[in-house]
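The values are calculated or read from the model by the stated rules, or taken from the named source; none is laboratory data. The structure presented is a predicted model; accordingly, all values stated were derived computationally and were not measured. Because the Cβ atoms are built from the backbone with ideal geometry, glycine has one as well, and the counts that use them run over all protein chains shown. Accessible surface is based on the protein model in full, side chains and every heavy atom, while ligands, DNA and RNA are left aside. Shrake-Rupley method; radii C 1.70, N 1.55, O 1.52, S 1.80 Å.
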Amino acid sequence: MQQAEPQDFSRVLSSMCTVPHPTAREAAERFLATNPGDPGTYATVSKLERQAVDLLGEITGLPDAAGYVASGGTESNIQAIRLARNRADTRTPNFVAPASAHFSFHKAADVLGVELRTAPLEDYRVNLDAVAELIDPDTVCIVGVAGTTEYGRVDPIPALADMAHDVGALCHVDAAWGGFVLPFTKHAWNFADADIHTLTIDPHKVGRAAVPAGGLLARGPELLDELAIDTPYLESTSQMTLTGTRSGAGVASAAAALSELWRDGYEKQYHTARSNADWLTAEARDRGFDVVEPTLPIVTIDFPHALIADLREAGWRISRTEAGEGRVVCMPHVTRPMLEAFLADVDRLA
C-alpha cells in the first residue's frame, strides 16, 4: 500500500495549527512512548512538563504557575468549567461566555451539566452590560476570550475579572491562539493584568509545538485540587488531568519549542505575521473587498461565497466566518509569497 503523505501547508490559510519547529518535532519523536499521566513512572517527561508550565507562566504573567500540558484548548476549557463547577456551592450552576467563545464551551456545558449563558457582542467583543444581566448567584464562571477564533478580538478581561469577583465566581480566559501573540501588544489579557483564575494557552498553535500540546494554567495549585481524583494503581496516586494517559510527545515538544523560541523567536514571528496581515488587508481593500480591521493577525475578507468555493477548488484551505467572510490566519507558515500567490488566484477567479 502506498504510504500517505501529511498535509502540505503551502496553501493552508485558515488553520490555527502550523508546521512544528524542528526542535519540537525532534523532541516529540524521542518521547513518543512516554506517559506524563503517570509522572511517578515517567519522571523525565514530568520534569519537562514542569519546565513547559513555568515558561507558559512567564508568557502569561504568572510566576510559579500551576497547570499542565493538555491535549488542546477544548480540554483546557472543559477543565476550567469543571473546576469552577466543582468548587461552587450550587445545584444549578451556570457560566457566562461571549457569543464569540470557542465551540468547546458548548461541549463543556453538555458534558458537565452546566448551563451556558451566551452574552452578545459589540464591535466583535463581549458586551459588558449583557454579561451583567446574565450573572446571578448560581454563576460559577465568567469567560473572556483573548484572541477570538474568527476575528482575533480581545475581550475586556480586567472588567470581566472584576465582575466575577463581585459574585464569587471564577474568571477564565481562553487565550488558546492569542497567548503567543498578545505578549507583544498592549492588550490587558493575562494574570498580571487582571485577577483571573485560569487560562488556556496552546503551544501547538503559534507556539509551534507538535499536536497535541495545549495548556491549562491556574493562579494556584489549590484551584487544580478541585480536579484531582485518586489513582491508586499508579506510582503517582492522584491525577488532575482529564485524559489520563497523555502523549509525552506533546509535553516534550512544548518544552522544546518554548525553550527555543521564547521570547525573541515568538516576537519575531508576531511582527512578521502582523506585517503580513496589514499587507493583505491593504491589498484586499485595493481590490474593492470589505475587510474587518484586524486587531491581531487574523484577516477576514468579504469574499463572495462563490469565490471562496472556487478558491477551495483551486486548493486553498480557507474557511468562512459565521457571517460568511473569508478568514486568513497569518500563522508562521503563511509567508508573503504565499499570500501573493493567493491574491493572484483571487484576481484570476474573481
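Can you confirm whether Val111 is out of contact with any Pro (no Cβ under 7 Å at 6 or more places or on another chain), of a type in the set (Val, Ile, Thr), over 21 Å from Val167 (Cα atoms) and surrounded by fewer than 17 Cβ atoms within 10 Å (Cβ to Cβ)?
Here the answer is yes, as Val111 does meet what is asked.
For the stretch 312-350, give me each residue that is in a loop (DSSP other than H, G, I, E, B), surrounded by 15 or more Cβ atoms within 10 Å (Cβ to Cβ) and touching a strand residue (DSSP E or B) at 6+ places or on another chain (Cβ under 9 Å).
Once the filter is applied, which keeps residues that are in a loop (DSSP other than H, G, I, E, B), surrounded by 15 or more Cβ atoms within 10 Å (Cβ to Cβ) and touching a strand residue (DSSP E or B) at 6+ places or on another chain (Cβ under 9 Å), the stretch 312-350 yields Trp316, Ile318, Thr321, Glu325, Cys330, Met331, His333, Val334.
Pick out the one residue from Ala309, Ala282, Ala273, Ala252 that is touching a helix residue (DSSP H, G or I) at 6+ places or on another chain (Cβ under 8 Å), at pLDDT 95 or above and either more than 26 Å from Gly215 (Cα to Cα) or in a helix (DSSP H, G or I) (or both). Can you show your working first?
Working: Ala309 fails: touching a helix residue (DSSP H, G or I) at 6+ places or on another chain (Cβ under 8 Å); Ala282 fails: touching a helix residue (DSSP H, G or I) at 6+ places or on another chain (Cβ under 8 Å); Ala273 fails: touching a helix residue (DSSP H, G or I) at 6+ places or on another chain (Cβ under 8 Å).
Being touching a helix residue (DSSP H, G or I) at 6+ places or on another chain (Cβ under 8 Å), at pLDDT 95 or above and either more than 26 Å from Gly215 (Cα to Cα) or in a helix (DSSP H, G or I) (or both) holds for just one of Ala309, Ala282, Ala273, Ala252, which is Ala252.
List pairs: first in the stretch 35-58 and over 19 Å from Leu258 (Cβ atoms), second modelled with pLDDT of 95 or more and aromatic (Phe, Trp, Tyr), Cβ under 6 Å, 6+ apart or cross-chain?
Correct list of pairs: empty, since none qualify.
Does the stretch 39-90 hold any residues that are of a type in the set (Gly, Ala, Ser) and over 30 Å from Val114 (Cβ atoms), and which are they?
Within the stretch 39-90, Gly40, Ala43, Ser46 qualify.
Scan (1) open to solvent by 10 Å² or more (accessible area, probe 1.4 Å); (2) farther than 27 Å from Gly250 by Cα for the single condition Phe103 breaks and write down its number.
The one condition Phe103 does not meet is (2).
Might you let me know whether the stretch 291-298 holds any residue that is assigned to a helix (DSSP H, G or I), modelled with pLDDT of 95 or more and open to solvent by less than 70 Å² (accessible area, probe 1.4 Å)? It would help to see each step written out before you state the result.
If we filter the stretch 291-298 for residues that are assigned to a helix (DSSP H, G or I), which is where we start, we get none.
No - not one qualifying residue is present in the stretch 291-298.
Tell me, which residue of the stretch 138-189 that is of a type in the set (Ser, Thr, Tyr) and over 25 Å from Arg82 (Cβ atoms) is surrounded by the most Cβ atoms within 10 Å (Cβ to Cβ)?
Among residues in the stretch 138-189 that are of a type in the set (Ser, Thr, Tyr) and over 25 Å from Arg82 (Cβ atoms), the one surrounded by the most Cβ atoms within 10 Å (Cβ to Cβ) is Tyr151.
Mind listing whichever residues of the stretch 158-182 are within 18 Å of Leu216 (Cβ to Cβ) and within 18 Å of the chain's Cα centre (by Cα)?
Cys171, His172, Val173, Asp174, Ala175, Ala176, Trp177, Gly178, Gly179, Phe180, Leu182
Pairs only if they're at least six apart or on different chains, beta carbon under 8 angstrom, first in the stretch 275-288 and open to solvent by 70 Å² or more (accessible area, probe 1.4 Å), second part of a helix (DSSP H, G or I); list them, first residue then second.
Close Cβ pairs (under 8 Å, with a partner that is part of a helix (DSSP H, G or I)) amount to Arg287/Leu343; Arg287/Val346; Arg287/Asp347.
Restricting the first residue to the stretch 123-146 and requiring it to be touching a residue at least 24 places away in the same chain (Cβ under 8 Å), which pairs with a second residue that is surrounded by 18 or more Cβ atoms within 10 Å (Cβ to Cβ) and of a type in the set (Phe, Trp, Tyr) meet a Cβ separation below 8 Å and a spacing of at least six or different chains?
Once the first residue is touching a residue at least 24 places away in the same chain (Cβ under 8 Å) and sits in the stretch 123-146, its partners that are surrounded by 18 or more Cβ atoms within 10 Å (Cβ to Cβ) and of a type in the set (Phe, Trp, Tyr) give Tyr124/Tyr151; Thr139/Phe95; Val140/Phe95; Cys141/Phe95; Ile142/Phe95; Val143/Phe95; Val143/Phe105; Ala146/Trp189.
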